[in-house]
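Comments concern the structure below.
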């Protein structure tokens, strides 16, 4: 965890909105459909939610967004864990929702066969997020009385059964964790292709889209926006972030050469984990981000190719260049992740005022 504390401190020094913590339920593998047998590479990782909770007291303003695989986890447990993270971080938590159709991950659980179709996985994940969101709302604001004289801790009238019934599971509720400080922690989802557009449209506050070229970015943004309009999730705003893996150096040739050396050492070309790979200077990357932003993106999730090298390059060379162009903040303007993203704090859907508004 000390390693991650240093990484996140660097990101916060650069005034970035949030960091995401990848996670999975099996060892990493170079093979997309099976476990490889390599022993010369690091395999396994810390639990993302627990890592974020460990980092939260060591940071003050940056958002913390751990990944959770919806396919094999219960909405009740996820809602409780992320609500707790929001309390620990005082309103800086998020949830990066992921799916898995890998048979060797399913065998760790053995409760049911994984849906074979990708659209089933994403449909189930959207239901998962809906149940999680309702559980976050199941305690109204002010439900905690904490009245020592009468011995009453909770106003029972402000706790609600969510009675969620979906195709894949049902959840009665309410949560056992008080409502998160943000009301609704920020939910993110990633699309490496169009199969996940529906999940972003139905369930997310922030969607990550691969930024391969301007025309492709514009088409992806339009497709997700159209699906969002059809899904009609209560008029919630949606940010769409482009996604890039970046290798930054003082000149473009040095960045490309560094990637080439790393490919030679690994024995395989680096593919960016599904995100397009950029090699070049901070100025060139700023030009690219500005161009893709004009295609309809709200922002970008940048994956440092080598964290020890490329994260400081982002915070110490790219951020000043974006700031010089008037495209990046000079100080944090909010204390919560929703505030940093310009998202209002929603009322509980079960509160009297929310019911009247609907």
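Checking region 115-128 against the condition returns no match, with no residue being within 12 Å of residue 178 (Cα to Cα) and crowded, with 18+ Cβ neighbours inside 10 Å.
Residue 9 satisfies every condition listed in (1) closer than 21 Å to residue 301 by Cα; (2) modelled with pLDDT under 95; (3) surrounded by fewer than 17 Cβ atoms within 10 Å (Cβ to Cβ) except (2). Selection of first residues in region 263-280 that are on the phi > 0 side of the Ramachandran plot and of second residues that are surrounded by 12 or more Cβ atoms within 10 Å (Cβ to Cβ) and in a helix (DSSP H, G or I), restricted to Cβ pairs under 7 Å at least 6 apart or on distinct chains, gives the following pairs, ordered by first then second residue: 280/252; 280/255. When region 294-326 is filtered for residues that are crowded, with 17+ Cβ neighbours inside 10 Å and free of Cβ contacts under 8 Å to residues at least 60 places away in the same chain, the ones remaining, listed by number, are 302, 304, 321, 322. Cβ-Cβ contacts under 6 Å between residues 6 or more apart (or on different chains), taken from a first residue in region 6-34 that is over 14 Å from residue 63 (Cα atoms) to a second residue that is in a strand (DSSP E or B) and at pLDDT 85 or above, are listed as 22/67; 23/67; 25/69.
Checking each residue in region 91-110 for being in a loop (DSSP other than H, G, I, E, B) and either crowded, with 18+ Cβ neighbours inside 10 Å or touching a residue at least 12 places away in the same chain (Cβ under 8 Å) (or both) picks out 91, 92, 99, 100, 101, 102, 108, 109. Taking region 150-162 as the range and being farther than 15 Å from residue 136 by Cβ and either under 24 Å from the mean Cα position of the chain (by Cα) or in a loop (DSSP other than H, G, I, E, B) (or both) as the test, the residues that pass are 150, 151, 155.
Return the residues of region 182-214 that are within 19 Å of residue 131 (Cα to Cα), out of contact with any strand residue (DSSP E or B) (no Cβ under 6 Å at 6 or more places or on another chain) and part of a loop (DSSP other than H, G, I, E, B); say none if nothing qualifies. Result: 182, 183, 184. Hey, any hits in region 233-245 for a residue that's in contact with a strand residue (DSSP E or B) (Cβ under 6 Å, 6 or more places away or on another chain) and at pLDDT below 95? So far as region 233-245 goes, no, none of its residues is in contact with a strand residue (DSSP E or B) (Cβ under 6 Å, 6 or more places away or on another chain) and at pLDDT below 95. Taking the numbered list (1) closer than 27 Å to residue 121 by Cα; (2) in contact with a helix residue (DSSP H, G or I) (Cβ under 8 Å, 6 or more places away or on another chain); (3) modelled with pLDDT of 90 or more in turn, residue 177 passes all entries but (1).
If you check 288, 343 for being surrounded by 14 or more Cβ atoms within 10 Å (Cβ to Cβ) and outside any loop (DSSP other than H, G, I, E, B), only one passes: 288. Residues that are within 15 Å of the chain's Cα centre (by Cα) and part of a loop (DSSP other than H, G, I, E, B) were ranked within region 40-90; the one that is nearest to residue 331 (Cα to Cα) is 62.
If only residues of region 129-149 that are assigned to a loop (DSSP other than H, G, I, E, B) and touching a residue at least 12 places away in the same chain (Cβ under 8 Å) are counted, the one that is surrounded by the most Cβ atoms within 10 Å (Cβ to Cβ) is 138. The single condition among (1) part of a loop (DSSP other than H, G, I, E, B); (2) within 23 Å of the chain's Cα centre (by Cα); (3) within 30 Å of residue 179 (Cβ to Cβ) that residue 328 does not meet is (3). Answer yes if at least one residue in region 165-175 is surrounded by fewer than 19 Cβ atoms within 10 Å (Cβ to Cβ) and assigned to a strand (DSSP E or B), and no otherwise. Looking through region 165-175, at least one residue is surrounded by fewer than 19 Cβ atoms within 10 Å (Cβ to Cβ) and assigned to a strand (DSSP E or B). Taking the criterion of being over 20 Å from residue 303 (Cβ atoms), crowded, with 20+ Cβ neighbours inside 10 Å and touching a residue at least 60 places away in the same chain (Cβ under 8 Å), the residues of region 184-198 that qualify are 184, 185, 198. Taking the criterion of being over 18 Å from the mean Cα position of the chain (by Cα) and either without any contact (Cβ under 8 Å) to a residue 24 or more places away in the chain or buried (at least 16 other Cβ atoms within 10 Å of the Cβ) (or both), the residues of region 234-251 that qualify are 234, 235, 246, 247, 248, 249.
The values are calculated or read from the model by the stated rules, or taken from the named source; none is laboratory data. All figures in this text were calculated on a predicted structure; none of them were measured in a lab. Please note: Cβ atoms are built from the backbone with ideal geometry, for glycine as well, and neighbour counts cover all protein chains shown.
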